[in-house]
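Below you'll find the structure, written out as C-alpha coordinates, and then a few comments.
The values are calculated or read from the model by the stated rules, or taken from the named source; none is laboratory data. If you're wondering where the values come from, they're calculated on a predicted model, not measured in any experiment. In this analysis, Cβ positions are derived from the backbone assuming ideal geometry, glycine residues included, and neighbour counts consider all displayed protein chains. Quick note on the areas: whole protein, heavy atoms, side chains included, nothing else; ligands and nucleic acids left out. Shrake-Rupley method; radii C 1.70, N 1.55, O 1.52, S 1.80 Å.
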Amino acid sequence: MYQYDAVLFDMDGTLLNTLDDLTAAVNHTLRQYQYPTHTADEVREAVGNGVRRLIERLLPGGAADPHMEAALASFKHYYTEHCDVQTRPYAGVLEAVTALHEAGLKLAIVSNKNDEAVRALARTYFGTLVDVAIGGQEGVPRKPAPQMPHAALSALGAEPERTLFVGDSDVDMETAQNAGLDCMLVSWGFRDAAALAALKPRFLVADPAEMPALILQPVEGEN
(Lines give C-alpha, C1' and ligand atoms only; values in the text may rest on other atoms or scores of the structure.)
Protein backbone atom coordinates (compact mmCIF):
# COMPACT_ATOMS: atom_id res chain seq x y z
CA MET A 1 0.00 0.00 0.00
CA TYR A 2 1.27 3.44 -0.93
CA GLN A 3 1.10 6.43 1.39
CA TYR A 4 -1.46 8.06 -0.93
CA ASP A 5 -4.48 6.70 -2.77
CA ALA A 6 -5.13 9.87 -4.76
CA VAL A 7 -3.40 12.96 -6.14
CA LEU A 8 -5.04 16.27 -7.02
CA PHE A 9 -3.09 18.45 -9.45
CA ASP A 10 -3.24 22.14 -10.13
CA MET A 11 -3.07 22.77 -13.90
CA ASP A 12 -1.36 26.08 -14.84
CA GLY A 13 2.32 26.05 -13.90
CA THR A 14 2.09 22.49 -12.56
CA LEU A 15 1.02 20.17 -15.36
CA LEU A 16 0.82 22.56 -18.29
CA ASN A 17 2.80 25.62 -19.35
CA THR A 18 -0.17 27.80 -20.27
CA LEU A 19 1.53 31.17 -19.89
CA ASP A 20 1.83 32.14 -23.56
CA ASP A 21 -1.83 31.41 -24.29
CA LEU A 22 -2.96 33.24 -21.14
CA THR A 23 -0.83 36.24 -22.08
CA ALA A 24 -2.22 36.27 -25.63
CA ALA A 25 -5.80 36.15 -24.31
CA VAL A 26 -5.18 38.90 -21.76
CA ASN A 27 -3.64 41.19 -24.36
CA HIS A 28 -6.35 40.47 -26.92
CA THR A 29 -8.87 41.57 -24.31
CA LEU A 30 -6.95 44.71 -23.33
CA ARG A 31 -6.55 45.82 -26.94
CA GLN A 32 -10.33 45.87 -27.34
CA TYR A 33 -10.41 48.80 -24.93
CA GLN A 34 -7.18 50.45 -26.12
CA TYR A 35 -5.54 49.54 -22.80
CA PRO A 36 -1.80 48.89 -22.42
CA THR A 37 -0.82 45.25 -22.83
CA HIS A 38 1.24 43.14 -20.39
CA THR A 39 4.36 41.01 -20.61
CA ALA A 40 4.33 37.29 -19.90
CA ASP A 41 6.12 37.94 -16.61
CA GLU A 42 3.41 40.38 -15.53
CA VAL A 43 0.70 37.86 -16.41
CA ARG A 44 2.60 35.12 -14.55
CA GLU A 45 2.53 37.18 -11.36
CA ALA A 46 -1.23 37.74 -11.70
CA VAL A 47 -2.22 34.09 -12.24
CA GLY A 48 -3.46 31.88 -9.44
CA ASN A 49 -6.82 33.02 -8.09
CA GLY A 50 -9.07 32.47 -11.09
CA VAL A 51 -9.86 34.48 -14.20
CA ARG A 52 -11.84 37.22 -12.45
CA ARG A 53 -8.90 38.09 -10.22
CA LEU A 54 -6.55 37.81 -13.20
CA ILE A 55 -8.52 40.40 -15.15
CA GLU A 56 -8.98 42.60 -12.07
CA ARG A 57 -5.23 42.65 -11.52
CA LEU A 58 -4.42 43.56 -15.14
CA LEU A 59 -7.09 46.10 -16.03
CA PRO A 60 -5.97 49.71 -15.41
CA GLY A 61 -8.96 50.35 -13.15
CA GLY A 62 -8.85 47.03 -11.35
CA ALA A 63 -12.16 45.66 -10.05
CA ALA A 64 -13.71 49.13 -10.43
CA ASP A 65 -12.76 49.45 -14.09
CA PRO A 66 -15.86 50.39 -16.15
CA HIS A 67 -15.11 47.59 -18.61
CA MET A 68 -14.52 44.93 -15.95
CA GLU A 69 -17.48 42.64 -16.64
CA ALA A 70 -17.30 42.99 -20.42
CA ALA A 71 -13.54 42.37 -20.36
CA LEU A 72 -13.99 39.28 -18.19
CA ALA A 73 -16.59 37.85 -20.56
CA SER A 74 -14.39 38.65 -23.56
CA PHE A 75 -11.37 37.00 -21.97
CA LYS A 76 -13.31 33.83 -21.10
CA HIS A 77 -14.69 33.54 -24.63
CA TYR A 78 -11.37 34.17 -26.35
CA TYR A 79 -9.32 31.98 -24.02
CA THR A 80 -11.73 29.04 -24.25
CA GLU A 81 -11.40 29.20 -28.05
CA HIS A 82 -7.58 29.68 -27.97
CA CYS A 83 -6.45 27.84 -24.83
CA ASP A 84 -4.39 25.29 -26.72
CA VAL A 85 -2.35 27.25 -29.25
CA GLN A 86 1.02 27.30 -27.48
CA THR A 87 0.14 25.36 -24.31
CA ARG A 88 2.16 22.20 -23.68
CA PRO A 89 2.82 19.83 -20.76
CA TYR A 90 6.09 20.52 -18.97
CA ALA A 91 8.81 18.06 -19.99
CA GLY A 92 8.48 14.87 -17.96
CA VAL A 93 4.96 15.58 -16.64
CA LEU A 94 3.15 13.09 -18.87
CA GLU A 95 5.57 10.33 -17.89
CA ALA A 96 5.12 11.11 -14.19
CA VAL A 97 1.31 11.17 -14.42
CA THR A 98 1.39 7.90 -16.37
CA ALA A 99 3.50 6.25 -13.66
CA LEU A 100 1.03 7.30 -10.97
CA HIS A 101 -1.92 6.09 -13.04
CA GLU A 102 -0.27 2.74 -13.70
CA ALA A 103 0.41 2.35 -9.98
CA GLY A 104 -3.34 2.54 -9.41
CA LEU A 105 -3.66 5.99 -7.87
CA LYS A 106 -6.80 8.05 -8.49
CA LEU A 107 -5.92 11.33 -10.22
CA ALA A 108 -7.76 14.63 -10.59
CA ILE A 109 -7.11 18.15 -11.83
CA VAL A 110 -8.43 21.04 -9.74
CA SER A 111 -7.85 24.46 -11.29
CA ASN A 112 -9.22 27.99 -10.91
CA LYS A 113 -9.12 28.29 -14.72
CA ASN A 114 -12.63 28.32 -16.20
CA ASP A 115 -14.20 24.86 -16.17
CA GLU A 116 -14.69 24.47 -19.92
CA ALA A 117 -11.01 25.13 -20.65
CA VAL A 118 -9.87 22.84 -17.82
CA ARG A 119 -11.92 19.92 -19.11
CA ALA A 120 -10.83 20.49 -22.72
CA LEU A 121 -7.12 20.63 -21.83
CA ALA A 122 -7.42 17.62 -19.51
CA ARG A 123 -8.96 15.56 -22.31
CA THR A 124 -6.37 16.69 -24.85
CA TYR A 125 -3.24 16.05 -22.79
CA PHE A 126 -4.18 13.41 -20.24
CA GLY A 127 -7.16 11.52 -21.63
CA THR A 128 -8.05 8.58 -19.38
CA LEU A 129 -4.99 9.07 -17.15
CA VAL A 130 -6.95 11.64 -15.12
CA ASP A 131 -10.24 10.54 -13.59
CA VAL A 132 -11.73 13.94 -12.76
CA ALA A 133 -11.15 17.51 -13.99
CA ILE A 134 -12.73 20.46 -12.19
CA GLY A 135 -12.40 24.12 -13.14
CA GLY A 136 -13.81 27.37 -11.86
CA GLN A 137 -17.57 27.81 -12.05
CA GLU A 138 -19.82 30.72 -11.08
CA GLY A 139 -21.14 30.36 -7.55
CA VAL A 140 -18.44 27.91 -6.43
CA PRO A 141 -15.65 29.37 -4.27
CA ARG A 142 -12.26 29.16 -5.99
CA LYS A 143 -9.05 27.86 -4.48
CA PRO A 144 -7.79 28.37 -1.83
CA ALA A 145 -11.31 27.60 -0.56
CA PRO A 146 -11.72 23.85 0.02
CA GLN A 147 -14.92 23.30 -1.97
CA MET A 148 -13.29 22.41 -5.29
CA PRO A 149 -10.76 19.91 -3.90
CA HIS A 150 -13.48 18.41 -1.71
CA ALA A 151 -15.66 17.96 -4.82
CA ALA A 152 -12.77 16.16 -6.49
CA LEU A 153 -12.30 13.91 -3.44
CA SER A 154 -15.98 13.04 -3.49
CA ALA A 155 -15.89 12.22 -7.21
CA LEU A 156 -12.80 10.04 -6.72
CA GLY A 157 -14.07 8.35 -3.57
CA ALA A 158 -10.86 9.42 -1.80
CA GLU A 159 -10.13 10.51 1.78
CA PRO A 160 -8.25 13.74 2.59
CA GLU A 161 -5.68 12.01 4.79
CA ARG A 162 -4.75 9.69 1.90
CA THR A 163 -4.60 12.41 -0.77
CA LEU A 164 -1.79 14.72 -1.95
CA PHE A 165 -2.30 18.13 -3.55
CA VAL A 166 0.33 19.11 -6.14
CA GLY A 167 0.69 22.75 -7.18
CA ASP A 168 3.11 25.58 -7.87
CA SER A 169 2.04 28.51 -5.71
CA ASP A 170 1.10 29.91 -2.33
CA VAL A 171 -2.54 29.55 -3.41
CA ASP A 172 -2.02 25.81 -3.85
CA MET A 173 -0.31 25.49 -0.48
CA GLU A 174 -3.20 27.30 1.20
CA THR A 175 -5.70 25.16 -0.73
CA ALA A 176 -4.09 21.98 0.56
CA GLN A 177 -4.12 23.27 4.13
CA ASN A 178 -7.76 24.35 3.91
CA ALA A 179 -8.80 20.99 2.45
CA GLY A 180 -6.79 18.92 4.94
CA LEU A 181 -4.35 17.56 2.36
CA ASP A 182 -0.59 17.07 2.25
CA CYS A 183 1.07 19.36 -0.30
CA MET A 184 3.78 18.99 -2.90
CA LEU A 185 4.97 22.19 -4.58
CA VAL A 186 6.84 22.22 -7.90
CA SER A 187 9.39 24.83 -8.87
CA TRP A 188 9.25 24.61 -12.67
CA GLY A 189 6.05 26.65 -12.87
CA PHE A 190 4.99 30.23 -12.22
CA ARG A 191 6.64 30.87 -8.83
CA ASP A 192 10.20 31.19 -7.50
CA ALA A 193 11.71 28.11 -5.81
CA ALA A 194 12.95 30.05 -2.79
CA ALA A 195 9.50 31.51 -2.18
CA LEU A 196 7.96 28.05 -2.43
CA ALA A 197 10.47 26.58 0.01
CA ALA A 198 9.52 29.26 2.54
CA LEU A 199 5.96 27.88 2.53
CA LYS A 200 7.28 24.58 3.93
CA PRO A 201 5.31 22.06 1.85
CA ARG A 202 5.76 18.38 2.62
CA PHE A 203 7.58 17.99 -0.70
CA LEU A 204 9.30 20.52 -2.98
CA VAL A 205 10.43 19.16 -6.33
CA ALA A 206 12.37 20.68 -9.22
CA ASP A 207 11.80 17.96 -11.84
CA PRO A 208 8.64 15.97 -12.70
CA ALA A 209 10.74 12.79 -12.67
CA GLU A 210 11.04 13.17 -8.88
CA MET A 211 7.30 12.91 -8.29
CA PRO A 212 6.56 9.17 -8.65
CA ALA A 213 9.25 8.00 -6.23
CA LEU A 214 8.13 10.48 -3.56
CA ILE A 215 4.42 9.85 -3.99
CA LEU A 216 4.62 6.06 -4.34
CA GLN A 217 6.42 5.47 -1.06
CA PRO A 218 4.97 2.45 0.76
CA VAL A 219 3.25 2.86 4.10
CA GLU A 220 5.74 2.27 6.91
CA GLY A 221 5.94 -1.33 7.98
CA GLU A 222 4.59 -2.66 4.65
CA ASN A 223 6.57 -4.12 1.76
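DSSP beta bridges in the chain, what fraction antiparallel, as a percent rounded to 5? Write down the numbers at each step before the final one.
Values: 3 of 23 bridges.
Antiparallel bridges: around 15 percent, rounded to the nearest 5.
Rounded if a/c is under 1.5, else prolate if a/b is larger than b/c, else oblate: which is segment 116-195, with a ≥ b ≥ c the root eigenvalues of its Cα gyration tensor?
It is rounded, given that a/c, with a ≥ b ≥ c, falls under 1.5.
Separation between the T39 and T98 pseudo-spin-labels, each 7 Å from Cα along Cα→Cβ, expressed in nm?
Those two pseudo-labels are separated by 3.7 nm.
Any idea how far the Cα center of segment 109-153 sits from the one of segment 30-67, in Å?
22
Of the heavy-atom accessible surface of segment 1-94 (probe 1.4 angstrom), what whole percent is carbon and sulfur?
On segment 1-94, the fraction of accessible area on carbon and sulfur atoms equals 51 percent.
Using a 1.4 Å probe on the protein heavy atoms only, what accessible surface does S154 show? Give it in Å² to the nearest 10.
The accessible area comes out at roughly 90 Å².
Once you've got the GNM for the chain with C-alpha springs shorter than 10 Å, pick whichever of P60, P144, P160 has the biggest mean-square fluctuation.
P60
Of all GluC sites (Glu not before Pro) in segment 88-193, which ones are in loop regions per DSSP and have a Cβ with at most 16 other Cβ atoms within 10 Å? All intermediate terms of the calculation are to be shown ahead of the outcome.
Working: sites: E95, E102, E116, E138, E161, E174; in loops: E138.
The qualifying sites are E138.
Which cross-chain or sequence-distant (5 or more) residues have an amide H under 5 Å from the amide H of K113, H modelled 1.01 Å from N in plane?
Under 5 Å from the amide H of K113: G136.
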